[in-house]
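Below: one structure, written as structure tokens.
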Amino acid sequence: MDVVDTDVLVVGAGPSGLALAIDLARRGVRALVVERGDALSPGSRGKGIQPRTLEVLDDLGVLDAVRAAGGPYPVGLIWQDGVPQGEHRMVDEVEPTEAEPYAGTWMLPQWRTQEILHARLRELGGDVVFGRELAAIAQDTDGVSASFTSGPPVRARYAVAADGGRSTVRRELGIDMTGETVDPNPFLVADVRLTGLDRDHLHMFPPRGDDGGFTVIFPLAGTEDFQFIAQFPEGTDIDLSLDGVRKVVATRTHLSPDDVTELRWASNFRPRAALADRFRVGRVFLAGDAAHVHSPAGAQGLNTSVQDAYNLGWKLGAVLSGKAPESLLDSYEEERRANAAAMLGLSTRVHRGETQRGKETRQLGLGYRDSALTEETRAGLADDALHAGDRAPDGRRGGVRLFDAFRGPHWTLLAVGTDAELPPLDGDLVHPVRIPAYEAYGTGVFLVRPDGYLAWAGGTADGVAGYLTRVLGR
């Protein structure tokens, strides 16, 4: 049987695998995405897209489709014995600003997010090969070899495990996960069609008696479906059939069993938080749920997964194109494992009611100040000032929209409110941009990484060429 040759093998066609494949495709990297299922996975699952992830999706070219297909979270309506008791907002209302143009959490069922990402990948000339379950994976000094239960083996220079919380790749690599049970009580989550509830609210039903816990019914924006979530006492054997879901709806709400007209997907889970002990072994990387498993509270899992891909994509692209040494890849685990650990802690605190869904959950404050890739040359900055390692804000100055200037696979050398001379650099690698003074940045010179974070910052451009030589060998 002939061996399929590619640059990067991506195992798993969930949000992280698809986002990574898109980022690689636009950089001209050959990536093969394999998925053990016969189609993209069904179910609403992770339905909340945070503002920072919306910025990533903007750069990947799918924001318009995501905005057209979804909608904002509606206000919650609390019910008791069939009577509305009042409203509760689960997600803070936040107004967009020039620097932060996508303010609130956007609701989009995960199956639809995956469809949009898959369509974008196909636009770029890539695709997913379905029905390819991984059997074994091994590596040597030159690459990775993978075999499957059906179909030809694959040889790649690198591989990425994006195959979920029960990752076969992670198991083959012998990587353990360290974690805890967030909640011993199991949950039912189902996508249903039903009548008797409006689609202008998410509907909240407090526990009644000793039936186990709360119930929430979300109208899924852009669809005719509702997501039904119910908590049960520890040890409950949850019935995932249509009749089983109907029974729970009738027991927990004022709706009748027949009001549930269709069951489209159902699953059960017990919330846990777990972090892979390593995000990389040689030429194989872990991303998404293969690397970290979250409670769904706070909508952090899918978002952290997409941002894993966004961090890894430009680094693999630079190394494979010869624009950076392989040592650049060492920064992936350093940067992403620390962020995943922080988001796991946040998800757990939200689940347990120890913190609210607010500024932290929007992920705009995440950054890489302590990364080996970060160099801040200015002294005496206040902690709340913009530092190297922080997310680069958006804005419009001098006829330039910054997110448009950053868009694409290049680095950006941004001079803000200064006439400082910019060194001659490889124009294909680094795009120079000058704008007038802008309060979100102050004044100075900033080197923006391809993933929209400040790699280097200074009062002048002195030292930026040395930074690029150190990091990229350029």
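Kindly evaluate Leu9 against the criterion of being crowded, with 23+ Cβ neighbours inside 10 Å and in a helix (DSSP H, G or I).
Spelling it out, it is not the case that Leu9 is crowded, with 23+ Cβ neighbours inside 10 Å and in a helix (DSSP H, G or I).
For Asp142, which of the numbered conditions (1) modelled with pLDDT of 95 or more; (2) within 28 Å of His292 (Cβ to Cβ) fails to hold?
(2)
If you take the residues in region 410-440 that are crowded, with 20+ Cβ neighbours inside 10 Å and under 28 Å from the mean Cα position of the chain (by Cα), which one is nearest to Asn311 (Cα to Cα)?
Result: Trp411.
Can you work out which of the residues in region 221-239 that are among the aliphatic types (A, V, I, L, M) and part of a strand (DSSP E or B) is most open to solvent (accessible area, probe 1.4 Å)? Full working, then the answer.
Applying the first criterion (among the aliphatic types (A, V, I, L, M)) to region 221-239 yields 221, 229-230, 238.
In the following step, the residues that additionally are part of a strand (DSSP E or B) were identified as 229-230.
Working: Ile229: 29, Ala230: 0 Å².
Ranking the qualifying residues of region 221-239, first place goes to Ile229.
List the residue pairs whose Cβ atoms are under 7 Å apart, where the first residue sits in region 29-51 and is closer than 20 Å to Val216 by Cα, the second is outside any strand (DSSP E or B) and among the aliphatic types (A, V, I, L, M), and the two are 6 or more positions apart or on different chains.
Ser44/Leu220; Gly46/Ala299; Gly46/Leu302; Lys47/Leu108; Lys47/Leu220; Gly48/Ala299; Ile49/Val66; Ile49/Leu108
For the subset of region 308-358 comprising residues that are in a helix (DSSP H, G or I), open to solvent by 10 Å² or more (accessible area, probe 1.4 Å) and of a type in the set (Lys, Arg), which member is modelled with the lowest pLDDT?
By that ranking, first place goes to Arg349.
Please count how many residues of region 53-82 are loosely packed, with under 13 Cβ neighbours inside 10 Å and either at positive phi or in a loop (DSSP other than H, G, I, E, B) (or both).
Residues meeting the conditions: 2.
Determine if region 83-98 includes at least one residue that is buried (at least 19 other Cβ atoms within 10 Å of the Cβ), in contact (Cβ under 8 Å) with a residue 24 or more places away in the chain and either in contact with a Ser or Thr (Cβ under 6 Å, 6 or more places away or on another chain) or part of a helix (DSSP H, G or I) (or both).
The answer is yes, given that some residue of region 83-98 is buried (at least 19 other Cβ atoms within 10 Å of the Cβ), in contact (Cβ under 8 Å) with a residue 24 or more places away in the chain and either in contact with a Ser or Thr (Cβ under 6 Å, 6 or more places away or on another chain) or part of a helix (DSSP H, G or I) (or both).
Going by the conditions given, is Leu54 free of Cβ contacts under 8 Å to residues at least 60 places away in the same chain, under 14 Å from the mean Cα position of the chain (by Cα) and closer than 25 Å to Ala287 by Cα?
yes
Taking the stated definitions as given, is Gly174 farther than 23 Å from Ser241 by Cα and open to solvent by 10 Å² or more (accessible area, probe 1.4 Å)?
Yes: the conditions hold for Gly174.
Read through the list (1) within 22 Å of Val56 (Cβ to Cβ); (2) not aliphatic (A, V, I, L, M); (3) not in a strand (DSSP E or B), then give the number of the only condition that Arg470 fails.
Arg470 satisfies every listed condition except (1).
Does Thr443 satisfy the condition of being more than 16 Å from Thr97 (Cβ to Cβ), touching a residue at least 24 places away in the same chain (Cβ under 8 Å), crowded, with 18+ Cβ neighbours inside 10 Å and out of contact with any Cys (no Cβ under 6 Å at 6 or more places or on another chain)? Give the derivation first.
On the way: more than 16 Å from Thr97 (Cβ to Cβ): yes; touching a residue at least 24 places away in the same chain (Cβ under 8 Å): yes; crowded, with 18+ Cβ neighbours inside 10 Å: no; out of contact with any Cys (no Cβ under 6 Å at 6 or more places or on another chain): yes.
Against the criterion (more than 16 Å from Thr97 (Cβ to Cβ), touching a residue at least 24 places away in the same chain (Cβ under 8 Å), crowded, with 18+ Cβ neighbours inside 10 Å and out of contact with any Cys (no Cβ under 6 Å at 6 or more places or on another chain)), Thr443 does not qualify.
Open to solvent by less than 30 Å² (accessible area, probe 1.4 Å), touching an Asp or Glu at 6+ places or on another chain (Cβ under 9 Å) and basic (Lys, Arg), is that true of Arg252? Talk me through it step by step, then tell me what you get.
Details: open to solvent by less than 30 Å² (accessible area, probe 1.4 Å): yes; touching an Asp or Glu at 6+ places or on another chain (Cβ under 9 Å): yes; basic (Lys, Arg): yes.
Answer is yes for this residue.
Please go through region 198-220 and pick out each residue that is of a type in the set (A, V, I, L, M, F, W, C), part of a loop (DSSP other than H, G, I, E, B) and open to solvent by 20 Å² or more (accessible area, probe 1.4 Å).
Phe214
Residues are listed down the side, and each one gets a yes or a no for (1) in contact with a helix residue (DSSP H, G or I) (Cβ under 8 Å, 6 or more places away or on another chain); (2) open to solvent by less than 10 Å² (accessible area, probe 1.4 Å); (3) in a loop (DSSP other than H, G, I, E, B); (4) of a type in the set (A, V, I, L, M, F, W, C):
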{"site": "Leu20", "(1), (2), (3), (4)": "yes, yes, no, yes"}
{"site": "Asp23", "(1), (2), (3), (4)": "yes, yes, no, no"}
{"site": "Val29", "(1), (2), (3), (4)": "yes, no, yes, yes"}
{"site": "Leu32", "(1), (2), (3), (4)": "no, no, no, yes"}
{"site": "Gly43", "(1), (2), (3), (4)": "yes, yes, yes, no"}
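Return yes when Asp394 is crowded, with 20+ Cβ neighbours inside 10 Å, acidic (Asp, Glu) and either under 23 Å from the mean Cα position of the chain (by Cα) or closer than 20 Å to Asp308 by Cα (or both) and no when it is not.
Yes, satisfied.
(1) open to solvent by 20 Å² or more (accessible area, probe 1.4 Å); (2) closer than 30 Å to Gln227 by Cα: which one isn't true of Ala273, the others all being true?
(1)
Going by what's in this entry, would Gly452 be described as surrounded by 16 or more Cβ atoms within 10 Å (Cβ to Cβ), in contact (Cβ under 8 Å) with a residue 40 or more places away in the chain and more than 21 Å from Pro409 (Cα to Cα)?
Details: surrounded by 16 or more Cβ atoms within 10 Å (Cβ to Cβ): yes; in contact (Cβ under 8 Å) with a residue 40 or more places away in the chain: yes; more than 21 Å from Pro409 (Cα to Cα): no.
In short, no.
In the set Phe269, Phe285, which member is modelled with pLDDT of 95 or more and touching a strand residue (DSSP E or B) at 6+ places or on another chain (Cβ under 7 Å)?
It is Phe285.
So which pairs qualify, if the first residue must be in region 314-342 and closer than 17 Å to Ala21 by Cβ, the second must be part of a loop (DSSP other than H, G, I, E, B), the Cβ gap must be under 6 Å, and the two must be at least 6 apart or on different chains?
Listed pairs, sorted by first residue: Trp314/Pro450; Trp314/Asp451; Gly317/Arg27; Gly317/Val29; Ala318/Ala324; Leu320/Val29.
Give region 100-114 a look and list any residue that's in a loop (DSSP other than H, G, I, E, B) and open to solvent by less than 20 Å² (accessible area, probe 1.4 Å), or say none. Walk me through it before giving the result.
Residues of region 100-114 that are in a loop (DSSP other than H, G, I, E, B), as a first pass: 100-105, 108-109.
Residues satisfying the conditions are Ala103, Thr105, Leu108, Pro109.
Among Val260, Val245, which is the only one that is at pLDDT 95 or above, closer than 17 Å to Gly82 by Cβ and touching a strand residue (DSSP E or B) at 6+ places or on another chain (Cβ under 6 Å)?
Step by step, each of Val260, Val245 is checked, and only Val260 is at pLDDT 95 or above, closer than 17 Å to Gly82 by Cβ and touching a strand residue (DSSP E or B) at 6+ places or on another chain (Cβ under 6 Å).
The values are calculated or read from the model by the stated rules, or taken from the named source; none is laboratory data. The structure displayed is predicted, hence computed values, not measured ones. Positions of Cβ are generated from backbone atoms using ideal geometry, with glycine treated the same way; all protein chains shown enter the neighbour counts. To get the accessible areas, we keep the full protein, side chains included, count just its heavy atoms, and leave off ligands, DNA and RNA. Shrake-Rupley method; radii C 1.70, N 1.55, O 1.52, S 1.80 Å.
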